Structure formats: C-alpha cells, structure tokens
Amino acid sequence: MKNVLLVFVVVLSACDTGPDGPVETIDPFAVIRQAYATRDPQLAASAYLPDAVLTYDFDNERVVYTGAEEIAGSFADFLTQVPLDEPLDINFRVENRLLTGELSNEKGYYRLRGSAGFEMFGRFEVRRDMTARGAGRLRADYSTSASNADFEKLPGPPLFDAGRETLDPHFYGRLSGRYRLQDGCLMVITHSTKRLYARNSCTNRWQGLKRVSGLVWTGGATVSSATPTHTYTFTLDSTSADAPARALAVEHAQQRLLAEREHRYQR
C-alpha cells in the first residue's frame with residue numbers, strides 16, 4: 001500500500017465554527033472523490049496549506065511529503081500505477097472529530113476502490129486549520145494501514161452515496177451462519193447485498209436487520225418492521241483476519257441470550 005495518497009481537496013461547505021466563530025471552510029472529504037475520479041493532482045494538493053505535511057506509514061516504511069508540490073507529485077506517482085481506464089472511488093467513515101483551538105482533529109478509515117476487484121483500506125488522522133486563513137485546509141495528514149473490518153465496524157453509513165452502498169461480502173460473510181442460543185434454538189444469519197436477516201429455528205420467524213455498526217444490528221417483529229425489538233451483537237474471532245464470527249448476543253425485552261457459532265450443520 002505504498003504511495004497510496006490520502007488527500008483532501010477543496011469544495012466549499014457550510015460554515016464551521018473556528019476559534020474566532022463561524023468560518024467558511026472547505027469540505028476535506030467530499031472532493032477527494034473528485035480528485036481520484038478526475039485524476040487531478042493539483043486539485044488534490046490545493047486542500048493543503050503551503051507548508052502542510054503528508055505522512056504515509058505503510059509496511060514498515062515511513063515516507064513524508066512537505067508542501068503542495070511534493071503532495072501533488074505523490075498523488076501523480078500513484079496515478080501512474082493505475083490504468084487510465086480504471087475508475088477510482090474513495091469513501092470514508094469518520095471515527096471522531098475534536099475541535100481544539102484553531103485545529104479540527106479528525107480520525108477514521110477510508111476505502112479506495114477500482115474496477116475488477118481492486119480495493120484497499122487505510123486509517124487517517126488529519127489536522128485541519130479552522131481559522132479564516134486556513135479555511136479548513138490540512139496542516140497535517142497521517143495515513144497508515146487498515147483492513148476492511150476496520151472500515152466496516154464503525155457505526156453509521158459512509159460519508160458519500162450511502163444509498164448505493166452494498167454490504168462487503170467478505171466481512172458480512174464472516175457474520176453469516178448458524179448460532180446455538182442458550183435456550184437450544186438456532187439463530188440463522190444470512191445477508192443480501194443490502195442487509196442482514198435473522199431466523200429463529202424455534203419460531204421460524206424472519207427479521208430484516210438494520211445496521212447500527214458492522215457488528216451491531218437491530219430487527220423488528222417482521223422482515224419489514226421499522227420499529228426495533230431485538231438487538232444483535234456479533235463477536236469476531238480475533239485469531240484470524242478471515243475467521244468467522246464466533247458468538248452472537250441477542251437482546252429482547254430486557255433479556256440477553258448468548259449464542260455460539262455452530263461450525264457444522266445439526267438437525
């Protein structure tokens with residue numbers, strides 16, 4: 001994942017609150033999509049202050065770029081590695097934002113996709129200058145490795161095109177399967193491209209689940225019910241990045257039932 005550029009570009013957004021009150025700022029996440037889609041290194045670099053620092057810390061190799069010219073060059077170098085007919089799309093999940101004085105410190109994960117299965121993930125930590133002079137541009141940008149699980153586990157939808165987002169088949173395939181509840185019933189979890197489904201083998205009732213985060217979902221009384229009555233919380237197996245979820249907790253009517261994954265089908 002060397003030379004993968006996590007840069008933020010300039011689109012005017014609604015006013016943010018800076019140290020001196022409301023400030024018209026750029027949206028540092030929105031136009032990164034435009035920068036990748038249009039393959040424009042200068043557009044990407046314009047999101048940074050003239051003395052900004054961009055750091056990549058991938059695969060035990062740390063590379064630092066200082067200033068807009070070096071940052072634009074890094075972006076251009078990455079694009080030379082991607083075929084011209086390869087469409088690029090990046091999306092973000094923000095973990096937290098903290099305004100401290102004139103800086104907005106923002107952390108989260110990104111997913112960069114191309115066609116034919118090209119996909120990579122990273123973690124970002126940025127410092128935005130929220131003064132009138134900085135207008136939300138970046139003073140510092142640090143990027144390091146991450147996984148699809150890191151991206152998927154965060155709560156809420158991605159920042160862009162949430163309605164078109166589909167479930168990652170690898171990550172949500174890890175959650176699918178049969179879980180044996182404490183009362184002896186089986187909870188069967190499946191997924192489509194848009195949502196998870198749960199069926200209790202004792203009641204034979206299906207629920208369509210709604211995402212809270214990658215590992216927490218809620219369900220109503222029926223497949224299409226909008227009122228949540230159950231909460232499903234999955235626990236991943238930490239022994240392997242590809243291992244299926246090992247447990248499931250189901251909360252309903254102030255009761256919490258634990259379930260262990262069944263690795264073999266049992267009648």
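With the checklist (1) within 20 Å of the chain's Cα centre (by Cα); (2) β-branched (Val, Ile, Thr); (3) modelled with pLDDT under 95 in hand, flag the one item Thr131 doesn't pass. Status for Thr131: all satisfied but (1). Is it true that some residue in segment 113-125 is at pLDDT 95 or above and either of a type in the set (D, E, K, R) or touching a Pro at 6+ places or on another chain (Cβ under 9 Å) (or both)? Yes: one or more hits.
Considering (1) touching a Pro at 6+ places or on another chain (Cβ under 6 Å); (2) of a type in the set (Asp, Glu); (3) farther than 21 Å from Thr66 by Cβ, say which one Asp168 fails and leave the rest. For Asp168, the failing item is (1). Contact map, segment 166-185: residues that are over 13 Å from Ala198 (Cα atoms) paired with residues that are assigned to a helix (DSSP H, G or I), Cβ distance under 6 Å, separation 6+ or inter-chain. Pairs shown: Asp168/Asn148; Asp168/Glu152; Phe171/Asn148; Phe171/Ala149; Phe171/Glu152. Counting only strands (runs of 3 or more DSSP E) that sit wholly inside segment 164-260, those with at least 2 residues that are of a type outside the set (D, E, K, R) and under 23 Å from Ser147 (Cβ atoms) are 186-191, 205-213, 216-219, 230-235, 247-252. Here the condition is being under 19 Å from Ala135 (Cβ atoms) and among the β-branched types (Val, Ile, Thr); of Val53, Val63, it holds for Val53 alone.
Regarding Ala226, is this residue aliphatic (A, V, I, L, M) and either farther than 17 Å from Glu152 by Cβ or without any contact (Cβ under 8 Å) to a residue 40 or more places away in the chain (or both)? So Ala226 passes the test.
Evaluation of Tyr142 against the conditions (1) over 20 Å from Val53 (Cβ atoms); (2) at pLDDT 95 or above shows that the sole unmet condition is (1). One residue alone among Asp168, Asp237 is in contact with an Asp or Glu (Cβ under 6 Å, 6 or more places away or on another chain) and modelled with pLDDT under 95, and that residue is Asp168. When restricted to residues that are more than 18 Å from Glu152 (Cα to Cα) and either basic (Lys, Arg) or modelled with pLDDT of 95 or more (or both), segment 82-101 contains 2. For Val212, the requirement of being aliphatic (A, V, I, L, M) and farther than 30 Å from Val126 by Cβ is not met.
The values are calculated or read from the model by the stated rules, or taken from the named source; none is laboratory data. All values reported here derive from a predicted model rather than from experimental measurement. All Cβ positions, even for glycine, are placed from backbone atoms using ideal geometry, and neighbour counts span all protein chains on display.
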